Structures are given as structure tokens and as C-alpha cells.
Amino acid sequence: MVSAKPPRPKFAQLRRTGISVIGDRPWGTHFCLFYETPQDLLDVHVRYLSTGLADNELCIWALSDPVSTAAAVSHLRASVPGFDELVREGRLELVPGYEWYLKGDRFDPRRITNSWHDKLDEALARGFAGLRVSGNAFWCENGMWSEFNDYEAELHHTLDGRKMIVLCTYPLEASRAADILDVTRTHHLSISIRNGRWDVLADIGATGRGAEGLTEREQIILVQLVKGSSSKETARALKISPRTVDFHRANIMRKLGARNIAELMSVVLCSQ
């Protein structure tokens, strides 16, 4: 089992993510995106990868359905200046996800994690500032969720102290509420994009010391409450019922000693 609260990255130096909703983040950040459409995935990667390239990072995208290599190349070529030259120089790598993760049809979390570490060593030896990677969770629909969750935990706990930024992407339609909770536990930050709207589903540590006594699900719902989301909006984002949100909301208010949302905001803000 993974720890309930992932440690924050040690590196103080902030790196631009290219994603405005989360801003700059330190080395060692491991975050995930729940996306709705292949176009969302393509557009996000233009921002994410072009920012890393501009900041002298070796960028790698492990591609898999629903985005083909041809679609990724076409979109990046049209959106990233000098795309072909960047690829020729080995500054940007597009690798087949199935081959990267399932070498010999075997999923080995430690092997995959070590492969990323090897890529980081290569990047630093070549003079890059660090490594920026992205991989898509195609196994959501392949009966490999447990194995992949183990991999996310394995990778997560090795990033602290390494000059890496890792984005993991998940199809929103195929992700259950339980899956979202699993993912949140193994990432510092969880975001989503739906109908062009960005949401921060969970930012571990962003809710202040007052949230320490809350369960994982309560922490996620607290983030939504602080953002001003209604019970229906929170339920829709997390794919749970409004009644479940209200149940957890009541527990949050009780644990933090708040009688209303105004008091809850005061408790959270004063504890940061």
C-alpha cells in the first residue's frame, strides 16, 4: 500500500509547467491529468512539452491510445516551432507506450522506473537541466489497474531529489471515483479538463495544516469546497453522488470545527 500523504518534492527550484491552472512546480513533481478528449490530450502536451523544451529539459512522451504517433507528430509539428529539428537533435522523444511499459509483454514497475532514471542520467550527462516526461494510462481498460497503480507508487517515491517532472494522463470516461482516489494518493497534484474547463481535483498539502485529520476523500472534497464548487459540481467532477459529497462535507465541517463555509474558509486559510 502507498502512504496516505505523498511527500512534497525537496527541490526548491521551480519549473514552468506550461499549464496555467497549476503554475510553476518544483523538480520532483508528479502530477496527473484526467482528460475528456484526444484533442484535450494533444493541446495539453503542446503546452507542457514546448515549455520544457524552452527551458532546456529533455522531453519524452510515451504515446498510446487514444493518440497515435502520427496524430501526435502532426499536431506537434504544426504547433511547436522547429519540431523536426528538435526530434533530430534528440531533445524531444516520442516513444511507443506499449513497448516502453510492456517490454516482452511483461509489466515490471521497477524496470520502468529504473528506465526513467536512466533517461534522467542521460539528460544530465548531455547538459539538459533535467527530464520532463508524460505517459498515458492506457491500461485503465486493459485489466491492469492494480499493476499500474503499483508502478505509480514505485515511481512516485523515487522522484524526491531528482530533476524530473512527470505527467500521467488518464481518460476521464474510463476512470471511476475509486480510481481517482487511487491516483490522487500517488501524485502530488491531480487536475482535470472537461468541456474546456480546468479543475484542480486535489493538491496534496495545498489545504493547509487544518486538513491533516481528514481522510483522503475528505481532502479531495475540501479542495473543491475551498474553490467554491457546489455539491453537484463536486459530485460530477469525482463521479460520485451529491449525497455522498454532502456526507463528507458534514464530516469535514465537524472535524475542522466549522459551522458554515465562511468559517471553513477561515480555518483553512489561517492554517496555511
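Values in this text are rule-based calculations from the coordinates and carry no lab data. Model, not experiment: these values are computed from the prediction. Glycine also receives a Cβ, built like all others from the backbone with ideal geometry; neighbour counts cover every protein chain displayed.
Here are a few things to note about the model shown:
- Straightening the chain between HIS117 and ALA70 buys 14.2 nm, computed as 0.36 nm per residue apart minus the Cα-Cα spacing.
- Residue order for ILE165, ILE261, ILE220, ILE191, fewest other beta carbons within 10 angstrom first, comes to ILE261, ILE191, ILE220, ILE165.
- Positive contributions from Lys and Arg (+1) and negative ones from Asp and Glu (-1), summed over other residues with Cβ under 12 Å from the Cβ of LEU120, come out at +1.
- Proxy reagent accessibility, fewest Cβ within 10 Å first, across THR186, THR51, THR69: THR69, THR51, THR186
- Whole-number percent relative contact order across segment 42-184, with pairs defined as alpha carbons under 8 Å at least 6 apart: 28 percent
- Per-residue Cβ neighbour rank within 10 angstrom, fewest leading, ARG25, ARG110, ARG132: ARG110, ARG25, ARG132
- Cβ-based net charge around ARG15, under 12 Å, with every Lys or Arg adding one and every Asp or Glu removing one: +1
- Restricted to Cα atoms, segment 14-204 shows a radius of gyration and a Dmax of 15.3, 42 angstrom.
- Computed from the C-beta positions of ARG88 and TRP198, the FRET efficiency with R₀ = 41 Å rounds to 0.75.
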